[in-house]
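Colleague: I have a structure here, written as structure tokens, and I will follow up with some questions on it.
The values are calculated or read from the model by the stated rules, or taken from the named source; none is laboratory data. All values derive from a computational prediction rather than experimental measurement. Because the Cβ atoms are built from the backbone with ideal geometry, glycine has one as well, and the counts that use them run over all protein chains shown.
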Amino acid sequence: MTESKQDTPRDEHREQYPDQPSPEELRAMTPEDAMYAGAEADDIHIVHRRNRFPIRGTKAEKRAERGVAAAFAISALAGFGFIVAFIALPYKWHLPGTPQNFRFYTPALGGLLAIMLLFIGIGMVLWAKWLMPEEEVVQDRHDVPSSDQDKIMTEATLLVGLEDTGLPRRSLILRTLGLAGGALATVPLVAIVGAMLKRPGTQLLHTMFRPNKKLFGGQGLVPIVYSDWRRVSPDDIEPGGLTTVFPGVRTEDADGYDGVTSASSPTLIIRLRPGQKVKARKGQASFGWPPEAPEFVAFSKICTHAGCPASLYEQQTSRLLCPCHQSQFDVLRDAAPIFGPASRSLPKLPLGVEVGEDGRQYFVARSDYKEAIGPGFWERA
Ligand code: FES
């Protein structure tokens, strides 16, 4: 066990060396004295410095060291938990006993990442507070470039700083910090490796408009509803008008859909004005209602640029405008992009009607969308 200096204001150093010590004098000093000399040369006055554990290896020091190591170990565990959760949990994962639409996959990853970063921070703070020397300094700025003496003194300062951290002799902390740092560095790799292990399948190709015989019987056509679950009838929409609609599937019934559920499904039904006709894209001429001479057409409300709701309808020009980056889609050209950054048409939903119990006609989706909804890697132009 060795004793180290404590409570050593360096006034005597200034008395001993009124000017800067020479390189020879510096080389003859202990690193700590040279560090003080360096501080003084930079007009940094160490007014108070006390080693928290002047006697090394005491029980108190070991306890403090274990506390810091515990924080780093928790961080490392959270990091490995993140990697395991990313790879092993399905994206629909929910806590046992909670409804399946309460998905916790993303919160679980976020929580583990937060714990990892939090405990690395806590470990650092505890290390500085519990183990490193207390120090109070007053510092003035000085001019550059540095002299040889400055360089030697800076080197000495760094050496003493390294000694202060205790890194060379605190192997427990070093190992746990290395573990936590390793886990943190692995996180960006997880997305790359995980993407190879977890393939998204066809989930991005479906919405809740996908027919479901289990829920709706017959052909399984999904009813089209307003946000308050009322069914949408062709009579509800004036010529030249539009309305926002959704698939009539409650989220608790959505498990069998294997799709990106309600977030992908907002849709606009537009009623054309008399005499207006949509120049449909290949294979989509019959997607409106009635199929032979469509008066109603339905497009995804999700902008193909970056996913904002493209729902500002300019009736005179029959354009749909996206407020985010001003993309415009020409409804009479099957919602083709004609201005702004969007480069892909809004996908079109095949519309149909069925007669309800009250004898009125109500819209249904004849099938799911035939194209992928929204932006992302689907942008191929
Ligand atoms: S999100 Fe619609 S234009 Fe950018």
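Colleague: Answer yes if at least one residue in segment 351-359 is within 16 Å of the ligand (Cβ to nearest atom) and either surrounded by fewer than 19 Cβ atoms within 10 Å (Cβ to Cβ) or not in a loop (DSSP other than H, G, I, E, B) (or both), and no otherwise.
Modeller: First pass over segment 351-359, keeping only residues within 16 Å of the ligand (Cβ to nearest atom): none.
No - not one qualifying residue is present in segment 351-359.
Colleague: Let me ask another. Would you call L320 within 16 Å of the ligand (Cβ to nearest atom), among the aliphatic types (A, V, I, L, M), part of a loop (DSSP other than H, G, I, E, B) and within 23 Å of S233 (Cα to Cα)? Let's see the steps before the verdict.
Modeller: Numbers: within 16 Å of the ligand (Cβ to nearest atom): yes; among the aliphatic types (A, V, I, L, M): yes; part of a loop (DSSP other than H, G, I, E, B): no; within 23 Å of S233 (Cα to Cα): yes.
Spelling it out, it is not the case that L320 is within 16 Å of the ligand (Cβ to nearest atom), among the aliphatic types (A, V, I, L, M), part of a loop (DSSP other than H, G, I, E, B) and within 23 Å of S233 (Cα to Cα).
Colleague: Checking L205 against (1) more than 28 Å from S75 (Cβ to Cβ); (2) modelled with pLDDT of 80 or more; (3) surrounded by 12 or more Cβ atoms within 10 Å (Cβ to Cβ), which single condition isn't satisfied?
Modeller: That leaves (2) as the condition not met.
Colleague: Follow-up question, since we're still on this one. Could you list, in sequence order, all residues of segment 302-343 that are out of contact with any Cys (no Cβ under 8 Å at 6 or more places or on another chain), of a type outside the set (A, V, I, L, M, F, W, C) and surrounded by 21 or more Cβ atoms within 10 Å (Cβ to Cβ)?
Modeller: T304, D334, P337
Colleague: While we're looking at this one, here's another question. Scanning segment 10-54 for residues that are modelled with pLDDT under 85 and basic (K, R), which turns out farthest from A156 (Cα to Cα)?
Modeller: Among those that are modelled with pLDDT under 85 and basic (K, R), it is R14.
Colleague: Could you run through segment 22-63 and say how many residues are in contact (Cβ under 8 Å) with a residue 40 or more places away in the chain and part of a helix (DSSP H, G or I)?
Modeller: Total satisfying the criteria: 12.
Colleague: Also, quick follow-up: Kindly list the number of the only condition in (1) under 15 Å from G79 (Cα atoms); (2) at pLDDT below 75 that fails for P200.
Modeller: So the condition that P200 fails would be (1).
Colleague: If you don't mind, there's one more thing I want to ask. Do the conditions hold for S265, that is, is it modelled with pLDDT of 95 or more and either surrounded by 14 or more Cβ atoms within 10 Å (Cβ to Cβ) or assigned by TED's automatic domain parsing to the domain that holds D358 (or both)? Walk me through how you get there before you give the answer.
Modeller: Working: modelled with pLDDT of 95 or more: no; either surrounded by 14 or more Cβ atoms within 10 Å (Cβ to Cβ) or assigned by TED's automatic domain parsing to the domain that holds D358 (or both): yes.
When the stated conditions are applied, S265 does not pass them.
Colleague: Now, a different point. If you go through segment 333-350 one residue at a time, how many are more than 16 Å from the ligand (Cβ to nearest atom) and out of contact with any strand residue (DSSP E or B) (no Cβ under 9 Å at 6 or more places or on another chain)? Before you say what the answer is, go through the steps one by one.
Modeller: Of segment 333-350, the ones more than 16 Å from the ligand (Cβ to nearest atom) are 333-334, 348-350.
Subsequent filtering for residues that are out of contact with any strand residue (DSSP E or B) (no Cβ under 9 Å at 6 or more places or on another chain) retains 333.
Matching residues across segment 333-350 total 1.
Colleague: Which of the following residues is within 20 Å of the chain's Cα centre (by Cα) and either not charged (D, E, K, R) or not in a helix (DSSP H, G or I) (or both): A85, A128? Step through it out loud before you land on a result.
Modeller: Values: A128 fails: within 20 Å of the chain's Cα centre (by Cα).
None of the others qualify; the one that does is A85.
Colleague: While we're here: Return yes or no: is A73 crowded, with 19+ Cβ neighbours inside 10 Å and assigned to a helix (DSSP H, G or I)?
Modeller: Details: crowded, with 19+ Cβ neighbours inside 10 Å: yes; assigned to a helix (DSSP H, G or I): yes.
It is true that A73 is crowded, with 19+ Cβ neighbours inside 10 Å and assigned to a helix (DSSP H, G or I).
Colleague: Now a separate question. Given the structure, is G110 small (G, A, S), modelled with pLDDT of 90 or more and more than 30 Å from G166 (Cβ to Cβ)?
Modeller: Here the answer is yes, as G110 does meet what is asked.
Colleague: Next question, about the same structure. In segment 276-312, how many residues are within 16 Å of the ligand (Cβ to nearest atom) and either in a strand (DSSP E or B) or acidic (D, E) (or both)? Outline the logic, then answer.
Modeller: The initial filter retains those residues of segment 276-312 that are within 16 Å of the ligand (Cβ to nearest atom), namely 299-312.
Going one step further and asking which of them are either in a strand (DSSP E or B) or acidic (D, E) (or both), we end up with 299-300, 302, 309, 312.
Number satisfying all stated conditions: 5.
Colleague: Do we find a residue being assigned to a strand (DSSP E or B) and closer than 21 Å to M208 by Cα anywhere in segment 329-346? Walk me through it before giving the result.
Modeller: The first filter runs over segment 329-346 and keeps only residues assigned to a strand (DSSP E or B), leaving 329-330, 336-339.
Next cut, closer than 21 Å to M208 by Cα only: none.
No; the residues of segment 329-346 include none that is assigned to a strand (DSSP E or B) and closer than 21 Å to M208 by Cα.
Colleague: Is it the case that segment 64-79 has a residue that's charged (D, E, K, R), closer than 30 Å to G38 by Cα, touching a Lys or Arg at 6+ places or on another chain (Cβ under 7 Å) and modelled with pLDDT of 90 or more?
Modeller: Step one: list which residues in segment 64-79 are charged (D, E, K, R), which gives 65-66.
Next, only the ones that are closer than 30 Å to G38 by Cα stay: 65.
Still in the running and touching a Lys or Arg at 6+ places or on another chain (Cβ under 7 Å): 65.
Applying the additional criterion that residues be modelled with pLDDT of 90 or more yields 65.
Yes, segment 64-79 has at least one match.
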